[in-house]
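**Student:** This is the structure I want to talk about, given as structure tokens.
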Amino acid sequence: MDSKDFRKHAHELVDWMADYFEQVEQYPVKSQVKPKEIYNQLPVHAPQEGEDMETIFKDFKEIIIPGITHWQHPKFLAYFPANTSFPSILGEMLTATLGSQCMIWDTSPAAAELEERIMNWIKELIGIPLDFEGVIQDTASTATLTAIITAREQSSDYNINDNGIEKNNLRVYCSSEAHSSVEKAVKIMGLGRKSLVKVNTDKGLSMCPIDLEKSILQDINNGEKPICVIAAIGTTGTTSIDPLEEISLICSKYNIWLHVDAAYAGSALMLPEYQWMIRGIERADSFVFNAHKWLFTNFDCSVYFIKDKEALIRTFEVLPEYLKTKSRGLVNDYRDWGVPLGRRFRALKLWFVLRNYGVKGIQEKLRFHIKLAKQFTEWIVDSDDFELLIPTKLNLVCFRYKPSNINDEDALSRLNETIMNNLNNDGSIYLTHTKIHDQYTLRVCIGQTYVKEHHVYESWLLISEMARKTILH
Ligand SMILES: *Cc1c(COP(=O)(O)O)cnc(C)c1O
């Protein structure tokens, strides 16, 4: 392919991309294919001879698209959204075109400096104290791993990096509602699952600070060494919010690293009315939120802030001869700020999004989603046979169908699971579930970039119809 062919195909693809957004509602939200259906349509061996773009693109449309779940469908209500947006896609196209490897300042100064500037913008926008510094990570999972490793090094006076773990008495704390990435991190780090203490939550599924302090004291008395607490601002199951102020005071008292996982709800900090969620942040050590969830920036783009930049760099820096440069020390070499050496130019798409929407445009969208979720919540509360299972905090609604003649908990769980599967197999909407106090809970998260009021209303009608239809069978 030469640049002339590239130009032609690129124009065709951009047309397809614009059409996709205009026509995305024609697809079933959740892919309806069976296991191996896509795999078996693909040739066993790679082609020996090059193929033309027409053929490849035809296969993309005919083989790949049926196996896609449409995360950009406005009736995608499952998990948390992984939004994209037009400015984000445009930025990503340029990132792919430049193909820059942004591991150190020298390998693309603009990438490093744009990232530094944008992290400062976001710091201001979401109310992170000025003494924190930001860096973009691929995912929140990586950011949390980075945080706990830094905590480990700082607490061992950087000894474990040199000598390995001599005595594994290290302890990490999170609530029983924390994201699975915390458990994954302690496994990867070689601390083992036994090092992770899962603290009880209250009725609203927020961490109990009293139980946290009790666990810490008990561990210290038993000769264990608490190194890190992870507080969740917006849990994945229900967007519950751990009481950061109280947790941060406990961490200060015992000198324990406090990492804040706001992977999803962090976007809402751009709204002054949600700043209360991070009261106490000045006593935290690190913080992560995913721009690739609810900030209209396509995956991957995770924003990580850390108070003690030197602790981070001291933990992760390895300086082989081939990476030594003259600019060292004068600029940010982000390869030292996390796990991978190589880094994509992720700041570009985020810059496009922040500039094209503007702060006001983003705030408007977030408030709109929150308003739609409030409306949906009211429909649930006002109906006779649906039950809200936890107060709606942001744009995630947790509920179940509970007709008055069914009281058996197991029967209700089975019924709600069936309703959800029927809805997802129908293809018009896509939702997922969680468990709240052992009750099977339907989750509807209203945060897709281009969702409108009528999408939410139609989804509610469908859910209530399907529920009543399911019980008749
Ligand atoms: C989504 C989520 C994560 C994981 O995010 P990745 O970027 O996919 O690693 C971590 N914590 C919470 C609370 C989340 O909602």
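The values are calculated or read from the model by the stated rules, or taken from the named source; none is laboratory data. Quick caveat: nothing in here was measured; it's all calculated off a predicted structure. So basically every Cβ, Gly included, is an ideal-geometry build from the backbone, and we count neighbours across all protein chains shown.
**Student:** When the residues of region 254-273 are narrowed to those that are away from the ligand (no atom under 15 Å from the Cβ) and either in contact with a Gly (Cβ under 6 Å, 6 or more places away or on another chain) or without any contact (Cβ under 8 Å) to a residue 12 or more places away in the chain (or both), which ends up nearest to Cys445 (Cα to Cα)? Before you say what the answer is, go through the steps one by one.
**Tutor:** At the first step, the residues of region 254-273 found to be away from the ligand (no atom under 15 Å from the Cβ) are 254-258, 270-273.
Now restrict to residues that are either in contact with a Gly (Cβ under 6 Å, 6 or more places away or on another chain) or without any contact (Cβ under 8 Å) to a residue 12 or more places away in the chain (or both): 255, 272-273.
On the way: Asn255: 37, Pro272: 21, Glu273: 20 Å.
Checking each candidate, the answer is Glu273.
**Student:** Same structure, new question: Picking from Asp106, Asp59, which residue would you name as being assigned by TED's automatic domain parsing to the domain that holds Trp294 and either surrounded by 14 or more Cβ atoms within 10 Å (Cβ to Cβ) or β-branched (Val, Ile, Thr) (or both)? Before the answer, list the steps.
**Tutor:** On the way: Asp59 fails: assigned by TED's automatic domain parsing to the domain that holds Trp294.
Going through Asp106, Asp59 in turn, the sole match is Asp106.
**Student:** Moving to a separate point now. Could you list all residues from region 445-473 that are in contact with a Ser or Thr (Cβ under 7 Å, 6 or more places away or on another chain) and among the β-branched types (Val, Ile, Thr)?
**Tutor:** Thr449, Thr470
**Student:** To continue, here is another question. Looking at (1) free of Cβ contacts under 8 Å to residues at least 60 places away in the same chain; (2) touching a helix residue (DSSP H, G or I) at 6+ places or on another chain (Cβ under 8 Å); (3) surrounded by fewer than 17 Cβ atoms within 10 Å (Cβ to Cβ), find the lone condition where Trp121 falls short.
**Tutor:** (1) is the only condition that Trp121 fails.
**Student:** Would you be able to say whether some residue in region 244-263 is touching a Phe, Trp or Tyr at 6+ places or on another chain (Cβ under 9 Å), more than 16 Å from Asp285 (Cα to Cα) and hydrophobic (A, V, I, L, M, F, W, C)?
**Tutor:** No: region 244-263 contains no residue that is touching a Phe, Trp or Tyr at 6+ places or on another chain (Cβ under 9 Å), more than 16 Å from Asp285 (Cα to Cα) and hydrophobic (A, V, I, L, M, F, W, C).
**Student:** Kindly check whether there is at least one residue in region 46-59 that is closer than 29 Å to Thr432 by Cα and in a loop (DSSP other than H, G, I, E, B). Steps first, answer last, please.
**Tutor:** Restricting attention to region 46-59, the residues satisfying the condition of being closer than 29 Å to Thr432 by Cα are none.
No; the residues of region 46-59 include none that is closer than 29 Å to Thr432 by Cα and in a loop (DSSP other than H, G, I, E, B).
**Student:** Something else: Need at least 3 residues that are within 14 Å of the ligand (Cβ to nearest atom) per element, so show me which helices (runs of 4 or more DSSP H) inside region 158-222 make the cut, counting only ones lying wholly within it.
**Tutor:** Numbers: elements: 160-163, 180-188, 209-221.
Of the helices (runs of 4 or more DSSP H) lying wholly inside region 158-222, those with at least 3 residues that are within 14 Å of the ligand (Cβ to nearest atom) span 180-188.
**Student:** What number goes with the only condition from (1) modelled with pLDDT under 95; (2) surrounded by fewer than 13 Cβ atoms within 10 Å (Cβ to Cβ); (3) among the polar types (S, T, N, Q) that Asn168 does not pass?
**Tutor:** The failed condition is (2).
**Student:** Moving to a separate point now. Do the conditions hold for Arg355, that is, is it in contact (Cβ under 8 Å) with a residue 12 or more places away in the chain and either buried (at least 23 other Cβ atoms within 10 Å of the Cβ) or not in a helix (DSSP H, G or I) (or both)? Step through it out loud before you land on a result.
**Tutor:** Values: in contact (Cβ under 8 Å) with a residue 12 or more places away in the chain: yes; either buried (at least 23 other Cβ atoms within 10 Å of the Cβ) or not in a helix (DSSP H, G or I) (or both): no.
Judged against the criteria, Arg355 is not a match.
**Student:** If you take the residues in region 364-412 that are touching a strand residue (DSSP E or B) at 6+ places or on another chain (Cβ under 7 Å) and basic (Lys, Arg), which one is surrounded by the most Cβ atoms within 10 Å (Cβ to Cβ)?
**Tutor:** Only one residue fits best here, namely Arg400.
**Student:** How many residues are more than 20 Å from Met103 (Cβ to Cβ), out of contact with any strand residue (DSSP E or B) (no Cβ under 6 Å at 6 or more places or on another chain) and within 16 Å of the ligand (Cβ to nearest atom) if we restrict to region 282-325?
**Tutor:** The number of residues fulfilling the criteria is 8.
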